[in-house]
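Here the structure comes first, spelled out in structure tokens, and everything after it is commentary.
The values are calculated or read from the model by the stated rules, or taken from the named source; none is laboratory data. Here the structure is a predicted model, which is why all the values come from computation and not from measurement. Cβ placement follows ideal geometry from the backbone for every residue including glycine, while neighbour counts extend to all protein chains displayed.
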Amino acid sequence: MAVRVFIADDHGVVREALKRLIDSNPDFQVVGEASGGLEVLQKVIDTKPDVVIMDLGMPGLDGVKCTASLIKANPLTKVIALTAHEEAAYIKDCLAAGAKGYVLKRSLAEELQLALTVVSRGGTYLDPLVSAKLQELLSEPAESITNKLSEREIQVVKLIARGLSAKETSKQLTISVKTVETYKLRAMEKLGLSSRSELVKYAMEHGWLMDDPSKEAI
């Protein structure tokens, strides 16, 4: 079944371009669109999309406030911010509001499609172009983090946080599913985490979602 996508942007040309891009992939289906925050909230109730692509600069109710209100009313709906803003403050506000993805409008179309895939599967996706800005959000020095976890534990955490299953992670790292689960549980215990959502948040706050875990040295 195709992932149901809703487009929220105040520019008609942008909405039309996004619609063509998304509908070109059989895995996704555009089910609605809106040009203002208040309109988004009403139409999402009617269309029940899986993912909302959210512009941050809409009239009436900006994208960040709209995201917070939308998720509060529709917890199962996931939001991807699509914006020209690259400042760390915008990233932080969007993530705090509950957005699961952050993509820049100047990025390639493939970046948005990848974000849709990851987020619709329960993961979190941040545009690689904001990785430098995201360093401002780090709450713990990198040295202390690596002292807590082994290289393999970090690799497993990164892939799980991106939305990959234990089976998919084991295939990518060429280890058994049981070993993946062991590394995951050991890492969560070391970090004091008790759920997958906490693990995703931790990885996000430490800038681990922009890396390619499978290509790192072991």
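Please pick out the residue among A99, A115 that is under 28 Å from P75 (Cβ atoms), at pLDDT 90 or above and in a loop (DSSP other than H, G, I, E, B).
One residue alone meets the criteria, A99.
Give the residues of the stretch 172-218 that are modelled with pLDDT of 85 or more, surrounded by 14 or more Cβ atoms within 10 Å (Cβ to Cβ) and over 21 Å from the mean Cα position of the chain (by Cα), sorted by residue number.
Of everything in the stretch 172-218, those that are modelled with pLDDT of 85 or more, surrounded by 14 or more Cβ atoms within 10 Å (Cβ to Cβ) and over 21 Å from the mean Cα position of the chain (by Cα) turn out to be L173, I175, V177, T179, V180, E181, T182, Y183, R186, A187.
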